[in-house]
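*Asks:* Have a look at this one.
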Amino acid sequence: MTSETLQAPQPRLWAVAFCVGMIGTGLLARYFQFGTIVSMVVMLPPMLLLIPLVRSTERAQAQDGALSRAVRRYNRRSMIWSFAYALLLFAAIGGRKALVSHGMADSPVLWVLAVLPALPLLYLLWAMGRYLAEEQDEYLRMRAVNSALFATGLLLAIATIWGFLGTFRLVPQAPGWAAVPIWAIGMGLANVYNRRKDQ
């Protein structure tokens, strides 16, 4: 068994650990009804799993010849938006609870708090566009575009089917913010497929 064989599953293992950690701690926080601060502290360790996940992914990309400077910059920007999203989401939830508890449920500040978690997602869209502009390798750029197209198609398919099911009152209406996680899952699936295809 070669060292390459041993290193190949590492990004998948880190990805599974991250997903299980985030979902598990989220369910734990909800079950025990932790406050915002405690929930944030509990969610921090699984968020930190992004660091070894990105590093192992970069090692795998380097082995496949798919790691460029633009990819490295995009990975760093993705880490920034991920941590900023978690931080601003907790800030918005905590701020809303504080305003409501002080009898300010109709405060215009709530509009600002509601938009806060969306700001890192706008940064993500900018980071994706920036990556496509910076990437010199045409093949890697084409792969990223194909992954984004797959993710967008998956999102549109799920949103359309769920929307019709919701119209017929067979399922609850989905919140709009669910679009980004679905799109990110689509990107991840497309990237896994591309990596397997290249091996």
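Read-outs throughout are calculated quantities, based only on the coordinates presented, and are distinct from any laboratory measurement. Everything numeric in this text was worked out from a predicted model, so none of it was measured. Cβ sites come from the backbone with ideal geometry, for glycine too, and all protein chains shown count toward neighbours.
*Asks:* What value does the stretch 43-128 have for Rg/Rh, both radii from Cα atoms and Rh as Kirkwood defines it?
*Replies:* Over the Cα atoms of the stretch 43-128, Rg/Rh equals 1.16.
*Asks:* Can you give the FRET efficiency for Val16 and Trp126, using 1/(1 + (r/R0)^6), R0 = 22 Å, r = Cβ-Cβ distance, to the nearest 0.05?
*Replies:* Calculated transfer efficiency: 0.15.
*Asks:* Oh, and also: Once phi is turned into ³J(HN,Hα) by the Karplus curve 6.51 cos²θ - 1.76 cosθ + 1.60 with θ = phi - 60°, what whole-Hz value does each residue of the stretch 85-96 show in order, with x for glycine and proline?
*Replies:* So the Karplus estimates, Gly and Pro as x, are 4, 4, 4, 6, 5, 5, 4, 5, 5, x, x, 5 Hz.
*Asks:* If R0 is 35 Å, what FRET efficiency do you get for Tyr193 and His102 from their C-beta distance, rounded to 0.05?
*Replies:* The computed FRET efficiency comes out at 0.10.
*Asks:* Continuing with this model, one more query. For the chain, what are the per-bin percents of Cα-Cα distances with bins 5 Å wide, up to the bin holding the maximum?
*Replies:* Computed distribution, short to long bins: 1, 6, 11, 16, 18, 16, 13, 9, 5, 2, 1, 0, 0.
*Asks:* Extension gain Leu119-Tyr139, at 0.36 nm per residue separation less the Cα-Cα distance, in nm?
*Replies:* 4.2 nm
*Asks:* Sticking with this structure for a sec: Assigning unit charges at the beta carbon (Lys, Arg +1; Asp, Glu -1) and nothing else, what dipole magnitude in debye, to the nearest 20, does the stretch 137-199 show about its Cα centre?
*Replies:* Computed about the Cα centre, the dipole is about 140 debye.
*Asks:* While we're looking at this one, here's another question. For the chain, modelled as a GNM with alpha-carbon contacts under 10 angstrom, which of Gly95, Gly65, Gly176 fluctuates the most?
*Replies:* Among Gly95, Gly65, Gly176, the largest GNM mean-square fluctuation belongs to Gly176.
*Asks:* Fully extended, how many nm does the chain gain between Ile51 and Thr152 (0.36 nm per residue separation, minus their Cα-Cα distance)?
*Replies:* Once the chain is fully extended between Ile51 and Thr152, it gains 33.8 nm.
*Asks:* What is the dipole size for the chain, taken about its Cα centre, with +1 at each Lys and Arg Cβ and -1 at each Asp and Glu Cβ, in debye to the nearest 20?
*Replies:* Here the chain has a charge dipole of around 140 debye.
*Asks:* In whole Å, what is the distance between the alpha-carbon centres of the stretch 93-118 and the stretch 19-40?
*Replies:* Measuring centre to centre over Cα atoms gives 21 Å.
*Asks:* What is the order of Arg143, Arg69, fewest Cβ neighbours within 10 Å to most?
*Replies:* Listed from fewest to most nearby Cβ atoms, that is Arg69, Arg143.
*Asks:* What's the angle, to the nearest 10 degrees (0 to 90), between helix 179-198's Cα axis and the longest principal axis of the chain?
*Replies:* It works out to around 10 degrees.
*Asks:* What is the Cα centroid distance between the stretch 167-199 and the stretch 49-89, reported in whole angstrom?
*Replies:* The stretch 167-199 and the stretch 49-89 have Cα centres spaced 19 Å from each other.
*Asks:* For the stretch 97-199, which chymotrypsin sites (Phe, Trp or Tyr not before Pro) pass both filters: DSSP loop (anything but H, G, I, E, B) and at most 10 other C-beta atoms within 10 Å?
*Replies:* Phe168
*Asks:* Using the Cα centre of the stretch 1-138 as origin and beta-carbon charges of +1 (Lys, Arg) and -1 (Asp, Glu), tell me which of Leu116, His102, Trp126 is placed farthest towards the positive end of the dipole.
*Replies:* Checking the options against the dipole of the stretch 1-138, the answer is His102.
*Asks:* Relative to the longest principal Cα axis of the chain, at what angle does helix 36-48 sit, 0 to 90 degrees, rounded to 10?
*Replies:* Here the helix axis deviates by roughly 0 degrees.
*Asks:* Nearest 10 degrees is fine. How inclined is helix 50-63 to the longest principal axis of the chain, computing both from alpha carbons?
*Replies:* Roughly 20 degrees, rounded to the nearest 10.
*Asks:* Taking only the alpha-carbon positions of the stretch 1-67 and ignoring solvent, what does the Debye formula give for the base-10 log of I(q)/I(0) at q = 0.13, 0.23, 0.27 Å⁻¹?
*Replies:* Taking Cα atoms of the stretch 1-67 as identical point scatterers yields -0.46, -0.89, -1.07.
*Asks:* In addition: At a Förster distance of 25 Å, what's the computed FRET efficiency of Val42 paired with Leu110, Cβ-Cβ distance as r, to 0.05?
*Replies:* 0.50
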